[in-house]
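The values are calculated or read from the model by the stated rules, or taken from the named source; none is laboratory data. Keep in mind it's a predicted model, so treat the numbers as computed, not measured. FYI the Cβ positions are ideal-geometry reconstructions off the backbone, even for glycines, and counts take in every protein chain you see. Side chains included, ligands, DNA and RNA excluded: accessible areas come from the protein's heavy atoms. Shrake-Rupley method; radii C 1.70, N 1.55, O 1.52, S 1.80 Å.
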Amino acid sequence: MISVCHLLNDTMQTLLSAIYPLLQRNYGLSFAQIGMITLTFQGTASVLQPMVGFFIDRHPRPYSLAVGMGLTLVGLVLFSQAGSFPVLLLAAALVGTGSSVFHPESSRVARMASGGRHGLAQSLFQVGGNAGSAIGPLLAALIVLRHGQTSLAWFSLAALLGIYLLIQVGHWYKRHGLIRLTARPSTTAPQTSLPRGRVALTLAVLLALMFSKFFYMASMSSYYIFYLMDKFHLPVQSAQLHLFVFFGAVAVGTLAGGPIGDRFGRKVVIWASILGVLPFTLALPYANLFWTGVLSVFIGMILASAFPAIVVYAQELLPARVGTVAGMSFGFAFGMGGIGAAVLGHVADMTSLAYVYHLCSFLPAIGLLAVFLPQLETESRRRRRSLPAKPL
């Protein structure tokens, strides 16, 4: 249910970036102003999510998820009726506030229901969002571009469905006594054996890797449609179908990243994902239309597999701060996406979109920093290692 709600939430959010060409035509927006819309939405979510995660670690609220979806509903309806650029920014801020409540708490609930398979649970939760991100551009091409900006209000039905499902999740949360369990003092939670300085260094490396991933993802989510239209002269609908394929590949990569991390370790997935995508990003600016589509699939799958592993790795690093870590991870992801969209929009205005993709192609080289990540051994792994061998 939490994954389905993530799908609904991110479908509504991705609709906004998918109709940027429509907004650009209706309001005469520059690339920098388009970047400002993304920055407002993702910046709001970035600032608030760590605070929400910190709060719910101490004061769990089972029905806060439904409240967050309600804020997204209000923002979506306002977006459909906006008559000026400032109103667009206000609507984007409301959607971002809804995300700031939804993501850290729902990530926490997914971990609660994991049965110990934290990577798989995180992937199942995140793949709902990635599937929603893939569906958003498709729905924009089929519905919003045909019927206009006001048709965004039709998707309020999806938000109402999400609110209903999240109320049921709140009932489950409350019925199973999870408020009592998660409200225990953090001193009772297991701790890592790493010294505090090493933990701080590891977190800094994780943030650098996330910067690489989400700055590059900002170039794809906000400007891939314009890049295809500019370089290959595609119509808007065809470019949005390419964006749908890219987000579909992201969903596949997200689904795979968590279970692979459960099986082979988070560090292996992080290393292979961030650095492994480098050959494909370097080749993308020089590819024709066919190979651009093929490369975008590999980029989406490989790059997306890192995030479930990063979130679970950070939660294993700080097991007493699960909500705070989720809020920090999603908040930083949204922040980097928003800042990336704004910065890259200014660069595109001053140069060209082709230059933006040349510049971003080197970002995955930051994946070399993964060599500094320690190999964490969780309590469950230590128990398995200490068990005597089974007799033949």
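Summary table below
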| item | result |
| --- | --- |
| Verdict on Phe280 being part of a helix (DSSP H, G or I), out of contact with any Leu (no Cβ under 6 Å at 6 or more places or on another chain), open to solvent by 40 Å² or more (accessible area, probe 1.4 Å) and at negative phi | no |
| Some residue of the range 139-150 being among the basic types (Lys, Arg) and closer than 20 Å to Phe307 by Cβ | no |
| Identity of the residue in the range 254-267, farther than 15 Å from Val371 by Cβ and buried (at least 24 other Cβ atoms within 10 Å of the Cβ), that ends up farthest from the chain's Cα centre (by Cα) | Gly261 |
| Condition met for Ile270 (in contact with a helix residue (DSSP H, G or I) (Cβ under 7 Å, 6 or more places away or on another chain), crowded, with 24+ Cβ neighbours inside 10 Å, over 24 Å from Ile56 (Cβ atoms) and among the hydrophobic types (A, V, I, L, M, F, W, C)) | yes |
| Candidates Leu275, Leu295, filtered to the one that is under 18 Å from Leu243 (Cα atoms) and assigned to a helix (DSSP H, G or I) | Leu295 |
| Scan of the range 80-108 for residues that are in a loop (DSSP other than H, G, I, E, B) and out of contact with any Leu (no Cβ under 8 Å at 6 or more places or on another chain), ordered by number | Gly83, Ser84 |
| Residues of the range 41-68 satisfying the condition of being touching an Asp or Glu at 6+ places or on another chain (Cβ under 9 Å) and either part of a helix (DSSP H, G or I) or open to solvent by 90 Å² or more (accessible area, probe 1.4 Å) (or both) | Val52, Gly53, Ile56, Arg61, Ser64, Leu65, Gly68 |
| Matching entry among Ala287, Ala365 (being among the small types (Gly, Ala, Ser), out of contact with any strand residue (DSSP E or B) (no Cβ under 6 Å at 6 or more places or on another chain), at pLDDT 90 or above and open to solvent by 20 Å² or more (accessible area, probe 1.4 Å)) | Ala365 |
| Matching residues in the range 83-125 - criterion: being closer than 30 Å to Leu22 by Cβ and open to solvent by 10 Å² or more (accessible area, probe 1.4 Å) | Gly83, Ser84, Phe85, Pro86, Val87, Leu89, Leu90, Ala93, Leu94, Thr97, Val101 |
| Residue tally, condition in a loop (DSSP other than H, G, I, E, B) and either touching a strand residue (DSSP E or B) at 6+ places or on another chain (Cβ under 6 Å) or surrounded by fewer than 24 Cβ atoms within 10 Å (Cβ to Cβ) (or both), over the range 8-40 | 3 |
| Residues of the range 268-279 that turn out to be small (Gly, Ala, Ser) and under 11 Å from Leu373 (Cβ atoms), as a count | 0 |
| Qualifying residue in the range 318-332 (condition: among the charged types (D, E, K, R), part of a helix (DSSP H, G or I) and either modelled with pLDDT under 85 or surrounded by fewer than 19 Cβ atoms within 10 Å (Cβ to Cβ) (or both)) | no |
| Unmet criterion (only one of (1) modelled with pLDDT of 90 or more; (2) closer than 26 Å to Gly335 by Cβ) for Tyr223 | (1) |
